[in-house]
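A.B. asks: First, the structure itself, so that you have it in front of you.
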Amino acid sequence: MYKKLLIPLTLIFVLMLSACGGEFKPDHKYKVDSFEFTNQDNETVTDEDLKGTVWLAQFVFTKCTTACPPMMSNMVRLQEQLIDNNIEDYKLVSFSVDPDVDTPEELKKYLGLFSAPDESKWEMLTGYDMKTIEKLAASSFKQIVKQIPNDDQVLHGISFGLVNQKNEVVKLYDGKDNVPYDTIVQDMKALIKEGN
């Protein structure tokens, strides 16, 4: 029994250490890879569609039993604070790390579970293969996305990534346990003001 447990735990530890995307350097801007994905309303969303808008990204999936529910709840709470601060020109982007299971319909249902105050600001994205999302997470956001062998769970980063109007990732924040809501709101407000 211990041997069975040891292999997945060792794999997770190795993957976390390698983090496949490298380290995020706070003084560096990382260009988001070009993409053409599908959102929860079955509409095509591209990186070009998001250009000119400040957006906050996360990596989640509907069958997630650990990090994703709190991350989604935290993003909803953040949206409430953005509304309270009269911030309107932004998007919240959730990339599915389980695209084979997460159809647009599943993602729409999933978003509905969290009672987001303004679903029109959300892009729940799917419509690609695992290699595509692994590469996007690693190169653009310096976050890991890896399927766990013989499991329906996916190992993924738990950061929120702040993206400016030029589609450059400028900052990462803890999206699960110690979310710096006030800092994110202020940073988004500053970027939006900068772009006007």
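A.B. asks: Run down ILE148, ILE158, ILE133, ILE144 and say which single residue is among the aliphatic types (A, V, I, L, M), more than 16 Å from the chain's Cα centre (by Cα) and under 17 Å from PHE59 (Cα atoms).
C.D. replies: Result: ILE148 is the single residue among ILE148, ILE158, ILE133, ILE144 that is among the aliphatic types (A, V, I, L, M), more than 16 Å from the chain's Cα centre (by Cα) and under 17 Å from PHE59 (Cα atoms).
A.B. asks: Also: Please pick out the residue among ASP151, ASP182, ASP84 that is open to solvent by 40 Å² or more (accessible area, probe 1.4 Å) and at pLDDT below 95.
C.D. replies: Numbers: ASP182 fails: at pLDDT below 95; ASP84 fails: at pLDDT below 95.
None of the others qualify; the one that does is ASP151.
A.B. asks: Only one of (1) farther than 14 Å from VAL54 by Cβ; (2) surrounded by fewer than 17 Cβ atoms within 10 Å (Cβ to Cβ) fails for GLU194. Which number is that?
C.D. replies: (1)
A.B. asks: Filter segment 38-54 down to the residues that are in contact with a helix residue (DSSP H, G or I) (Cβ under 9 Å, 6 or more places away or on another chain) and open to solvent by less than 10 Å² (accessible area, probe 1.4 Å) and list them by number.
C.D. replies: Those that are in contact with a helix residue (DSSP H, G or I) (Cβ under 9 Å, 6 or more places away or on another chain) and open to solvent by less than 10 Å² (accessible area, probe 1.4 Å): ASN39, VAL54.
A.B. asks: For segment 167-178, name all the residues that are part of a loop (DSSP other than H, G, I, E, B) and in contact with a Lys or Arg (Cβ under 8 Å, 6 or more places away or on another chain).
C.D. replies: Scanning segment 167-178 gives a single hit, ASN167.
A.B. asks: Out of the strands (runs of 3 or more DSSP E) lying entirely within segment 115-166, which hold 3 or more residues that are hydrophobic (A, V, I, L, M, F, W, C)? Walk me through it before giving the result.
C.D. replies: Working: elements: 122-125, 145-147, 154-156, 159-163.
Qualifying strands (runs of 3 or more DSSP E): 122-125, 159-163.
A.B. asks: Please work out if VAL97 is without any contact (Cβ under 8 Å) to a residue 60 or more places away in the chain, touching a helix residue (DSSP H, G or I) at 6+ places or on another chain (Cβ under 8 Å) and within 25 Å of GLN147 (Cβ to Cβ).
C.D. replies: When the stated conditions are applied, VAL97 passes them.
A.B. asks: Answer yes or no as to whether LYS109 is open to solvent by 20 Å² or more (accessible area, probe 1.4 Å) and either of a type in the set (A, V, I, L, M) or out of contact with any Lys or Arg (no Cβ under 9 Å at 6 or more places or on another chain) (or both).
C.D. replies: For LYS109, the condition - open to solvent by 20 Å² or more (accessible area, probe 1.4 Å) and either of a type in the set (A, V, I, L, M) or out of contact with any Lys or Arg (no Cβ under 9 Å at 6 or more places or on another chain) (or both) - is met.
A.B. asks: While we're on this one: With respect to SER94, is the statement that it is at pLDDT 95 or above and among the small types (Gly, Ala, Ser) true?
C.D. replies: Spelling it out, SER94 is indeed at pLDDT 95 or above and among the small types (Gly, Ala, Ser).
The values are calculated or read from the model by the stated rules, or taken from the named source; none is laboratory data. Keep in mind it's a predicted model, so treat the numbers as computed, not measured. We place every Cβ from the backbone using ideal geometry, glycine too, and count neighbours over all the protein chains shown. Calculation scope for accessible area: heavy atoms of the full protein, side chains included, ligands and nucleic acids excluded. Shrake-Rupley method; radii C 1.70, N 1.55, O 1.52, S 1.80 Å.
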